[in-house]
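Undergrad: Sharing a structure here in structure tokens format.
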Amino acid sequence: MSKLRFLVSLTTRDNDYQIEQATSAETAASKLNVELQIVYADNDAINQSTQILKAVQAPAAVRPHAVIFEPVGGTALPQVARAAVTAGIGWAILNREATYVAEFRKTSTAPIFSLSSDHLEIGRIQGRQFAVLLPQGGSVLYIQGPTENSAAKERTAGMQQTKPSNVQVALLKGQWTEESAQKAVRSWLKLSTSQRAAIDLVAAQDDSMAVGARKAFQELPEADRERWLKLPFLGCDGLPKTGQAWVRSGLLTATIFIPPNAGRAIEMLVDALVHKKHLQEAAVTAAESVPSLEELQRH
């Protein structure tokens, strides 16, 4: 087989986890001698669909042997997946399961699979962090990812499963970016109800949104600002240079380390295409609290 060509489609450049996804893909591609193209959808599902379809429909000499993508919208692009599979192109979905995978695998000669973080468990870990940090109960301002995104929905569901019943949650919506969370919190602060809200902790479904929330509170007059910035701030992703560094510096109280999986998907595709290894339909990576729940208890 000629040198493998892979296309990696990520959601946005404005998110530390997506940047780390790109880095992990580049590292794996370099190690395995894979020609790699990375594109960003700018959080636009139609843009993502168009970008991938253009690559899939390119002449055989230049089109990718496989597509690895993290879906932006509510679906995992079933029509584009069908076009790719029909063209004999491998298809790896990151951080999302798709019902069509089982169906397409029955007839496809190309590898098709999903590789995801366990988003329910990520949510459960965050709910346990709430329990440790609010032993007497309290209220959490919680910034969720996009409503239509299954990872965001599963993280919320997992959090609801493990948070203590005496912890109340006020939900805001973000777009996995610092700016979106900053805007959401700014808008919430303008509500008369927010002035009376007794919030004990601020949590977000990723570290960039947690930092965006902090920035919104930093814009307040000094007396209010101090009150908000003294609260615990929690995030997710926990990457060494961002989330974990922010925990060490005190910007965040805790995060959840979610291993980037784009590089692993490249390794799996090479195993399937070069070494003819059979891949399971869905694989899951494990997340962990940073610091551990035991250390957090001593906080």
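The values are calculated or read from the model by the stated rules, or taken from the named source; none is laboratory data. Note that the coordinates shown come from a computational prediction; the quantities given were computed from them, not determined experimentally. Glycine gets a Cβ as well: all are built from the backbone with ideal geometry, and neighbour counts include every protein chain shown. Protein only, heavy atoms only, side chains kept; ligands, DNA and RNA dropped before computing areas. Shrake-Rupley method; radii C 1.70, N 1.55, O 1.52, S 1.80 Å.
Undergrad: Among the residues of region 6-32, write down those that are within 23 Å of Ile89 (Cβ to Cβ) and either acidic (Asp, Glu) or in contact with a Ser or Thr (Cβ under 6 Å, 6 or more places away or on another chain) (or both).
TA: Of everything in region 6-32, those that are within 23 Å of Ile89 (Cβ to Cβ) and either acidic (Asp, Glu) or in contact with a Ser or Thr (Cβ under 6 Å, 6 or more places away or on another chain) (or both) turn out to be Gln18, Glu26.
Undergrad: Can I ask one more? Can you confirm whether region 42-54 contains a residue that is in contact (Cβ under 8 Å) with a residue 40 or more places away in the chain and either in contact with a Phe, Trp or Tyr (Cβ under 8 Å, 6 or more places away or on another chain) or open to solvent by less than 40 Å² (accessible area, probe 1.4 Å) (or both)?
TA: Yes: region 42-54 contains one or more residues that are in contact (Cβ under 8 Å) with a residue 40 or more places away in the chain and either in contact with a Phe, Trp or Tyr (Cβ under 8 Å, 6 or more places away or on another chain) or open to solvent by less than 40 Å² (accessible area, probe 1.4 Å) (or both).
Undergrad: Quickly run through region 226-284 and pick out the residues that are in a helix (DSSP H, G or I), closer than 30 Å to Leu201 by Cβ and not small (Gly, Ala, Ser).
TA: Hits for region 226-284 are Glu226, Arg227, Trp228, Leu229, Gln244, Trp246, Val247, Arg248.
Undergrad: Moving on. Among the residues of region 82-90, are any surrounded by 16 or more Cβ atoms within 10 Å (Cβ to Cβ), in a helix (DSSP H, G or I) and touching a strand residue (DSSP E or B) at 6+ places or on another chain (Cβ under 7 Å)?
TA: yes
Undergrad: Can you name the condition, by its number, that Ala98 falls short on among (1) modelled with pLDDT of 95 or more; (2) open to solvent by 10 Å² or more (accessible area, probe 1.4 Å); (3) under 25 Å from Thr75 (Cα atoms)?
TA: Every listed condition holds for Ala98 apart from (1).
Undergrad: Report whether or not Gly127 is open to solvent by less than 40 Å² (accessible area, probe 1.4 Å), over 28 Å from Ala41 (Cβ atoms) and at pLDDT 95 or above. Please lay out each step first, then the result.
TA: Details: open to solvent by less than 40 Å² (accessible area, probe 1.4 Å): yes; over 28 Å from Ala41 (Cβ atoms): yes; at pLDDT 95 or above: yes.
Yes: the conditions hold for Gly127.
Undergrad: Here's a follow-up. Please indicate, with yes or no, whether at least one residue in region 203-216 is open to solvent by 50 Å² or more (accessible area, probe 1.4 Å) and over 30 Å from Glu281 (Cβ atoms).
TA: Yes; the residues of region 203-216 include at least one that is open to solvent by 50 Å² or more (accessible area, probe 1.4 Å) and over 30 Å from Glu281 (Cβ atoms).
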